[in-house]
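The values are calculated or read from the model by the stated rules, or taken from the named source; none is laboratory data. What you see is a predicted model; the values in this text were computed from it and never measured. Neighbour counts run over all protein chains shown; Cβ positions are idealised from the backbone, glycine included.
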């Protein structure tokens, strides 16, 4: 098959091994905050007792009740520029490469009393000074993946999340494992800020294959030997197009990226995507005060193969949508390619309410999650199954169905009714589609 | 008379196709699969292909008829992958 040559582009030739590598160099978007690590005070009264009020989406000073919000990250950092103009790899400074062996335990000097306070950045960006009780925060983009470019605060309250988890599990009681039912305590849900990379892509895609257009179907034969036949036309199919991808959200933690359902239920957390990342704000550790977090531990370069794979899947989906005439019989896509002209990578913390249940299988543990999107409330979960109970119920259905079939056979009609041979098209007949008819296609 | 000969005798006498006996067991397997997936959701993931904002432009189409199929028994294109977008095919060079 031969498609017309693509438009001439100024990009260098593609290395098939890594199409994302065509991007000449990495440009950075500076998202570094104008704050040093340490005390982060209320702009009105100077207290460090600041937390997020999810129902309002605002930070609130617990001392003077002053409320405020950080600026929208997209507008503040100019992340809303046209995606089709993106060229090369653009990375927020919060998505910079992680330095090997950079410590996760960060020691800060309290500006209130001079004591040394340790922050465990594996699960938090704050710690309280044991001596003067003030809260110290990490705000600098230290090269260990702790501080992202932006954060999307929780807007779903804990009570709302608990209710959603109860509802989800409540619909799955009958065949749930007895131990799970006895130990189910949705109040143990925790709010976690998970690390994600939000990616924009300026792409050119090309896919080729074979598609068949259904013309008509008809049956021939008698009642006992009736067969359906089809008429169809076979086409070479190609789609060549530009596309922009806006805010593709991908896990930037190595452990969370592993979606092997035989060893974990990370697919559950993946399913509650997407988030309304357009509403992410500039990072402020106080948004995370009452929550826990997991920090980013992989770099842009390591994520590229997975992101390219998702770009290819998106391109295939769009090409298929553009060829509805083949949907009835199907298309066999045989070749595909995505040329990444430009991409933008922004590291973001996204809010997830997470209920975990540890199932013990011999010496191994398997964690079942029920996850709630901390913004949209979308809920997904894994409830351990009582396989014996489910197996017996399925067996009962199978046996009952078999006996019913036997009864039907035993009491079946005396003689079959002979039907005449049917030569014409059936009701599924449809007019043949000619994609060349409009003359605009080549 | 063994159970098998009983079934055989019933099957020979009846006008109902013996395949009806498989409907029950198949229903049991389908029930197990459906309930297991409803509880465990091992088949779920983010539908990024359709839930991500995408804009397509400059679409160029190639649809060239190469063959006619008449009176074939297959209801679908051989090895069709119309909606399995995540299964990779040959890279286009």
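Taking the conditions exactly as written (closer than 18 Å to residue A:265 by Cα and in contact (Cβ under 8 Å) with a residue 12 or more places away in the chain), does residue A:378 satisfy them or not?
yes
Sort out which residues of the range A:229-264 are at pLDDT below 95 and either farther than 19 Å from residue A:193 by Cβ or within 7 Å of chain B (Cβ to nearest Cβ) (or both), and write them in order of number.
The answer is A:258, A:259, A:260, A:261, A:262, A:263, A:264.
For the range A:88-104, enumerate the residues that are exposed (fewer than 15 other Cβ atoms within 10 Å of the Cβ) and modelled with pLDDT of 90 or more.
A:97
So residue A:353 ticks every box in (1) more than 23 Å from residue A:73 (Cβ to Cβ); (2) in a strand (DSSP E or B) but one. Which box is left unticked?
(1)
Can you find a residue in the range A:371-393 that is in a strand (DSSP E or B), surrounded by fewer than 13 Cβ atoms within 10 Å (Cβ to Cβ) and more than 7 Å from every other protein chain (Cβ to nearest Cβ)?
Within the range A:371-393, none of the residues are in a strand (DSSP E or B), surrounded by fewer than 13 Cβ atoms within 10 Å (Cβ to Cβ) and more than 7 Å from every other protein chain (Cβ to nearest Cβ).
How many residues are modelled with pLDDT under 95 and over 20 Å from the mean Cα position of the chain (by Cα) if we restrict to the range B:21-56?
1
Residues in the range A:72-85 that are farther than 17 Å from residue A:30 by Cβ and part of a loop (DSSP other than H, G, I, E, B): how many?
1
Mind checking which pairs have a first residue in the range A:319-332 that is on the phi > 0 side of the Ramachandran plot and within 7 Å of chain B (Cβ to nearest Cβ) and a second that is crowded, with 16+ Cβ neighbours inside 10 Å and at pLDDT 95 or above, Cβ under 9 Å, 6 or more apart or different chains?
A:330/A:211; A:330/A:212; A:330/B:77; A:330/B:80; A:330/B:81; A:330/B:82
Residues are listed down the side, and each one gets a yes or a no for (1) modelled with pLDDT under 95; (2) touching a helix residue (DSSP H, G or I) at 6+ places or on another chain (Cβ under 8 Å):
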| site | (1), (2) |
| --- | --- |
| A:153 | no, yes |
| A:158 | no, no |
| A:161 | no, no |
| A:166 | no, yes |
| A:170 | no, no |
| A:175 | no, yes |
| A:179 | yes, no |
| A:190 | no, no |
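Residue under question is residue A:280, and the condition is that it be closer than 24 Å to residue A:102 by Cα and buried (at least 23 other Cβ atoms within 10 Å of the Cβ); does it hold?
no
Return the only residue of A:327, A:337, A:365 being surrounded by 15 or more Cβ atoms within 10 Å (Cβ to Cβ) and farther than 30 Å from residue A:80 by Cα.
Only one candidate passes the filter, namely A:327.
Residue A:23 versus (1) at pLDDT 55 or above; (2) surrounded by 15 or more Cβ atoms within 10 Å (Cβ to Cβ): which is the lone unmet condition?
Failed condition: (1).
Taking the options A:129, A:113, name whichever one is surrounded by 17 or more Cβ atoms within 10 Å (Cβ to Cβ), farther than 21 Å from residue A:73 by Cα, without any contact (Cβ under 8 Å) to a residue 40 or more places away in the chain and over 29 Å from the mean Cα position of the chain (by Cα).
A:129
Here is a check on your reading of the model: is residue A:261 touching a strand residue (DSSP E or B) at 6+ places or on another chain (Cβ under 8 Å) and either touching a residue at least 60 places away in the same chain (Cβ under 8 Å) or surrounded by fewer than 21 Cβ atoms within 10 Å (Cβ to Cβ) (or both)?
So residue A:261 does not fit the description; no.
When the range B:34-77 is examined, which residues are found to be more than 7 Å from every other protein chain (Cβ to nearest Cβ), surrounded by fewer than 12 Cβ atoms within 10 Å (Cβ to Cβ) and out of contact with any helix residue (DSSP H, G or I) (no Cβ under 9 Å at 6 or more places or on another chain)?
Passing the criteria: only B:34.
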